[in-house]
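These notes concern the structure reproduced below.
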Amino acid sequence: MRHMNRVKTLNKKKGHRRALFQNLANALFNHESIKTTSAKAMELKKVADRLITLAKRKDTHSMRLTFAVLRDKEIVRKLFTDIGERYKEINGGYTRVLKIGNRKGDNAPMAVIELTQKKEKEEKKEKTEKKKVTETKAKPKAKAKAKEEKKETPAKKEKKEKAAKEKTEKTEAKEKKPRKRAAKKETETEVEAKE
């Protein structure tokens, strides 16, 4: 018989379990995807789905009920303004649990729990817009550099050429100089050859 099996206790007392799901739910709504053990993920799915359903109602009473569970104003605000709006037309299935194998240390089964509708698309659009803006700003700078190079006087060009020649001469001189140890060996071999 399955008496007393309605709630998975996860070997924790009620207060500890409540605090655990509060922290996990806050992390899930903040990051929109978290990695945890699969037993915790399955239980968190129930809690998170209830909270998202409350967020869809958008009234003061549901906001207070949500705050009673999460105890974080910023997360509750995000839940009601952003996440609740995403799931307005969907009934259920707000989160998904993906099993990812076992943990290395204790071989516990791990899972990733994430929101089904993420906000990545909007962020990608913003990033591409920022790149376009920076590219348009960079083009005039490149044109300005090209103009400066054209304006260089012959004297500046001669100075640059001289500096480049001096560098090449120094590197060639370093390569020609034998090492001191090698020079000593040569002198010893020459002395032996003379004898």
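Readers should treat all values here as calculations from the given coordinates under stated rules, not as data from a laboratory. Quick caveat: nothing in here was measured; it's all calculated off a predicted structure. Cβ atoms come from the backbone with ideal geometry, glycine included; neighbour counts cover every protein chain shown.
Yes or no, residue by residue, for (1) in a loop (DSSP other than H, G, I, E, B); (2) touching an Asp or Glu at 6+ places or on another chain (Cβ under 7 Å); (3) surrounded by fewer than 19 Cβ atoms within 10 Å (Cβ to Cβ):
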position: T9; (1), (2), (3): yes, no, yes
position: G15; (1), (2), (3): no, no, yes
position: L20; (1), (2), (3): no, no, yes
position: A39; (1), (2), (3): no, no, yes
position: I52; (1), (2), (3): no, no, no
position: L65; (1), (2), (3): no, no, yes
position: V76; (1), (2), (3): no, no, no
- request: Please go through segment 31-54 and pick out each residue that is in contact (Cβ under 8 Å) with a residue 24 or more places away in the chain and under 25 Å from the mean Cα position of the chain (by Cα).
  value: E32, S33, I34, K35, T36, T37, S38, K40, A41, L44, K45, A48
- prompt: What do you reckon, is L28 hydrophobic (A, V, I, L, M, F, W, C), closer than 16 Å to V97 by Cα and in contact (Cβ under 8 Å) with a residue 40 or more places away in the chain?
  reply: yes
message: Looking at (1) in contact with a helix residue (DSSP H, G or I) (Cβ under 6 Å, 6 or more places away or on another chain); (2) under 17 Å from K119 (Cβ atoms); (3) not hydrophobic (A, V, I, L, M, F, W, C), which one does D72 not meet, given that it meets all the others?
response: (2)
- prompt: Got a sec? Which of K56, K45 is crowded, with 16+ Cβ neighbours inside 10 Å and within 24 Å of D106 (Cα to Cα)?
  reply: K45
